[in-house]
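Following: one structure in structure tokens, then a few remarks.
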Amino acid sequence: MTSDFYRGLFDRYPGNPIIRNRDLPYAANTVFNPAAAIVDGETLLLLRVEDMRGHSHLTVARSKDGLTGWRFDPEPTFRADPDGHPEEIWGIEDPRITYLDELGHWVIAYTAYSVGGPLVSLATTTDFKTFTRLGPVMSPEDKDAALFPVRFGGRWAMIHRPMPTSATAGAHMWISWSPDLKHWGDHRILLRARRGAWWDAYKIGLSPPPLRTDEGWLVLYHGVKNTASGAIYRLGLALLDLEVPEKVIYRSDEWVFEPEPDYERFGDVDKVVFPCGWVLLDGEVRMYYGAADSRIAVASAKVADLIEWLKRTASRMRRDDIA
């Protein structure tokens, strides 16, 4: 892949954006922030679609090559259910998909928009046609959640991002543990939002689910910096220990991806790149992301190159970075 906006490790697809609201088979304001998986030999995206009320739902798109020829469900695939699940009264947003081989199904972590604020909910599926809700697993305000695909010491682990009520506390990434996917505890900070002039000084959050590599769990996260012209969303990397995922091995000092072309810089929310899904194909990761909260784009990078770059640009982890 080549692009006029190649700068660094991720290479944007020259056909970006790959999905716009006009591509959907029904009316919508915007489409963005998709989860991604390989299902039955095809790329499946679970799209966040915002309707003309401003409420979001999830719709499935499929493609044989993961770039073109997208086929969409004719109507919303996974709608909010405010009658049965009042925490979804204002919609459902920003899904992340993890396949749990031990249980034989996919788990979708998504943001339910309740009257008390956004919170993390879980649902399971085997076919992306029917879904079983597990309900909310974190209280408001909390979002940017995804599961690890395996247990650690008999427990499931999830990364998420609560929002503190104190303006000085910082919005950090946390890790929590569960024996059954329903009851979660042993919460602790995994990565802190940095302070001062850093690109990830205001708040951080998980982007796609953690990716298992030979050297550790590769984590792509978004960092937000407030500027005189508004917030900028950029992406950074971290590597977690394979057996003890709350142990951070590396964290990049520099961002690895930022809004550059106009389709990432201008939209319903300017200057945002926000991936919720990636897939691994022959040692290369393909990252699907929302661009300016208005459309969907894709970029790719070699996993080995990401880890090598991370090692070169990483901070030596200090206790106040992760404790």
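Throughout, read-outs are computed from the coordinates displayed, never taken from laboratory work. Being a predicted model, the structure only gives us computed values, none of them experimental. Backbone-built Cβ (ideal geometry, glycine too); neighbour counts: all protein chains shown.
Go ahead and run the numbers for FRET between Phe152 and Val39, Cβ-Cβ distance against an R0 of 30 Å, rounding to 0.05. Calculated transfer efficiency: 0.70. Straight-distance candidates among the lysines for linking to Lys64, with alpha-carbon spacing under 23 Å and chain neighbours fewer than 8 residues away dropped: Lys129, Lys302. Only the Cβ atoms of Lys and Arg (+1) and of Asp and Glu (-1) were treated as charged; on that basis the dipole of the chain about its Cα centre amounts to roughly 680 debye. For the cross-link pairs Lys271/Lys311; Lys143/Lys203; Lys143/Lys311; Lys182/Lys203; Lys225/Lys271; Lys143/Lys182, the ones whose C-alpha atoms lie over 20 Å apart are Lys271/Lys311; Lys143/Lys311; Lys182/Lys203.
From its DSSP helices (H runs of at least four residues, each -39,500 (n - 2.57)), the chain gives a residue-normalised ellipticity at 222 nm of -1500 deg cm²/dmol.
Quick check on segment 15-158: take the gyration tensor over C-alpha atoms, sort the square-rooted eigenvalues as a ≥ b ≥ c, and tell me if it's rounded (a/c under 1.5), prolate or oblate. Here segment 15-158 falls in the oblate category.
Matching the structure-derived mean projected area of the Cα convex hull in nm² against the labelled list (i) 16.7; (ii) 15.5; (iii) 19.5 gives the label (ii). Across segment 180-320, Cα pairs under 8 Å and at least six residues apart give a relative contact order of 17 percent. Under 1.5 on a/c is rounded, so check that first for segment 83-180, then, if it is not, pick prolate when a/b is larger than b/c and oblate when it is not; a ≥ b ≥ c are the square roots of the alpha carbon gyration tensor eigenvalues. The shape class here is oblate.
Taking every alpha-carbon pair under 8 Å whose residues sit at least 6 apart, segment 11-322 reaches a relative contact order of 15 percent. Between Arg195 and Lys247, the FRET efficiency from the beta-carbon distance, with R0 = 25 Å, is close to 0.65.
Dipole magnitude for segment 28-169: computed about the Cα centre from +1 point charges on Lys and Arg Cβ and -1 point charges on Asp and Glu Cβ, it is near 220 debye. Is segment 170-297 best put as rounded, prolate or oblate by its Cα gyration tensor, with a ≥ b ≥ c the root eigenvalues, rounded for a/c under 1.5, and otherwise prolate when a/b is larger than b/c, oblate when not? Note, shape of segment 170-297 comes out prolate.
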